[in-house]
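Only one structure is covered here, and it is reproduced in the block below.
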Amino acid sequence: MLDPQDRIRFEQLVLPHLDSAVNLARWILRNRADSDDVVQDATLRAYRFFGQFHGGDARAWLLQIVRNTCYTWLQKNRPSELTTEFDEEVHQKPSPNPETLATQADERQRLMSALESLSPRFREVLVLRELEGCSYKEIGEITGIPIGTVMSTLSRARERLRQTLTGVPGAAVKEVS
Amino acid sequence: MNCELAETTIHGYFDGELDAVRSAEFERHLEHCPQCQAALERVDSLRVQLQQNDLHEHASPELREKIRKQFAQEISITPTLAWKKWFLLPAFGTLAAAAALITIMLVAIPSHREATLTAELIDAHVRSLQPGHLFDVQSTDQHTVKPWFDGKLDFIPPVADYAAQGFPLVGGRLDVVDGHNVAALVYARRKHFINVFVWPNREKKTVADTSGSRQGYSWVAGQSGDMQIYLISDVAPSDLRELKGLIRP
């Protein structure tokens, strides 16, 4: 149990980042219900480990725990996703009829399925950079990717997403770092 | 011709991760490299797509509530909570049954040590600061707070407002400490709350004045009339002593 002052610090520092936690978990797990469970579990872990948080970037600290909890969860429940490089099932081919005008909803759906077809390692760096606005340093902290390779991982992830969206076969982009 | 920078440096540049010197260098290169210009446009339009399609998920109110409850549980894994919940059941009319239980507990529970009591009271203080837990009766009027305790306790706690002295009464509630129903009076001190726990001195010998601090909280304890009183807060111990001095049986 935390002492009361730590508890108040926890509420002030960590809980404001709950949206970011849910966002990251949802994109790693590709499912809202599972991500809520995982985030609940992760915040409890964060709470118990809070004694080990010595100041600094509270969001990155929480997201690191959320991310690890996600991967542990995947390992246990959907281990195949950790090794799949590209998920054909999720990936929707671009509309065969070029004259169809894509509505905003279609566009969103297309982006979602493109993102979801990527491997979780690509997905997480894209989500952290483009949706969370994390710096390379923060991305490194959260994902454990050495800071020197954050840029190249992001470069490959962007390229893969772009190819998925434009329908160009993505075989050229390998995940190996 | 393939420009290598279009696959590497362009990202660092676009993400604002290059230092000033490398950034300026790259800008000079960019002016003359159509490949990098095209790559820059691609990453930019990808970002715009991702950011303008409402892909960021948010925590639902349900999840926030679940997490809040989870912490409330985590914080109060002390045996007293179970009792407190029990005592706070609406069926409070069964006071007789409760009294019987207290008697049983008095016999069954070995006499407490001062340290355990302090820890328990600090827990009770911390619990009370959770949203919605501070008062059962919220009023700055002693004539509202005092009658509220009628029939809920087998003693009459000393309730008075000390707003004039800088300790306004803000409310009261029932709490359970060491198996006993106690009155908890809540006073404000600037932006802090002070819990004053009161219960009858059942040991029939005068309780010595004690004070101390732990986990960032201070307490001052002693006797007032035939009541034991225990003040806990994160305010300065001198404030607590001042308030204790004001309390008259």
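A short reminder: the numbers here are calculations on the coordinates, not readings from a lab. As the structure is a computational prediction, the values presented were derived from the model and not from experiment. Every residue, glycine as well, gets a Cβ built from its backbone with ideal geometry; the counts of neighbours run over all protein chains shown.
Summing +1 for each Lys or Arg and -1 for each Asp or Glu, what net charge is found among the other residues whose Cβ lies under 12 Å from the Cβ of residue B:146?
With Lys, Arg at +1 and Asp, Glu at -1, the neighbours total -2.
Order by neighbour count: B:162, B:217, fewest other Cβ atoms within 10 Å first, most last.
Least to most surrounded, the residues fall as B:162, B:217.
Which ³J(HN,Hα) values, rounded to whole Hz and listed in residue order, are derived for segment A:30-45 from phi using the Karplus coefficients 6.51, -1.76 and 1.60 in 6.51 cos²θ - 1.76 cosθ + 1.60 with θ = phi - 60°, glycine and proline given as x?
Going residue by residue, I get 6, 7, 6, 5, 5, 5, 4, 4, 5, 5, 4, 5, 5, 5, 5, 4 Hz, with x marking Gly and Pro.
Report the trypsin sites (Lys or Arg not before Pro) located in segment B:162-195 that are in a DSSP loop and have at most 15 other Cβ atoms inside 10 Å of their Cβ, or state none.
Counting only loop positions with at most 15 other Cβ atoms within 10 Å, the trypsin sites (Lys or Arg not before Pro) in segment B:162-195 are B:190, B:191.
Just want the ordering: B:3, B:36, from fewest to most Cβ atoms lying within 10 Å of their own Cβ.
B:3, B:36
Label-point separation (nm) for residue A:166 and residue A:6, each offset 7 Å from Cα along Cα-to-Cβ?
Between residue A:166 and residue A:6, the label points sit 5.2 nm apart.
Which residues' amide hydrogens lie under 5 Å from the amide hydrogen of residue B:228, considering only partners 5 or more residues apart or on another chain, with H built in the peptide plane?
Result for residue B:228 returns B:199, B:201.
Under Stokes-Einstein, with the Kirkwood radius over Cα pairs standing in for Rh, what whole-number D in µm²/s applies to segment A:4-166 at 37 °C and 0.692 mPa s?
Using the Kirkwood radius from Cα pairs, D works out to 195 µm²/s.
In nm, to one decimal, how far is the residue B:160 label point from the residue B:206 one, both placed 7 Å along Cα→Cβ?
Rounded to a tenth, the inter-label distance reads 2.0 nm.
Could you please rank A:160, A:108, placing first whichever residue has the fewest other Cβ atoms within 10 Å of its Cβ?
A:108, A:160
Collect residues whose amide H, placed 1.01 Å from N in the peptide plane, falls under 5 Å from the amide H of residue B:182; neighbours closer than 5 in sequence don't count.
Placed amide hydrogens put B:175, B:176, B:177 under 5 Å from residue B:182.
Let me have the relative contact order for segment A:4-166, percent, based on Cα pairs under 8 Å that are six or more residues apart.
In percent, rounded to a whole number, it is 24.
Quick one: which residues, 5 or more positions from residue B:193 or on another chain, have an amide H under 5 Å from its amide H? H modelled 1.01 Å from N in the peptide plane, none for Pro or chain starts.
B:234
Per-residue HN-Hα couplings for segment B:140-146, Karplus 6.51 cos²θ - 1.76 cosθ + 1.60 at θ = phi - 60°, whole Hz, x for Gly and Pro?
8, 9, 4, 7, 9, 5, 4
Quick check for segment B:145-249: number of Lys pairs with alpha-carbon distance under 24 Å, counting only pairs 8 or more apart or on different chains?
Summing the qualifying lysine pairs gives 7.
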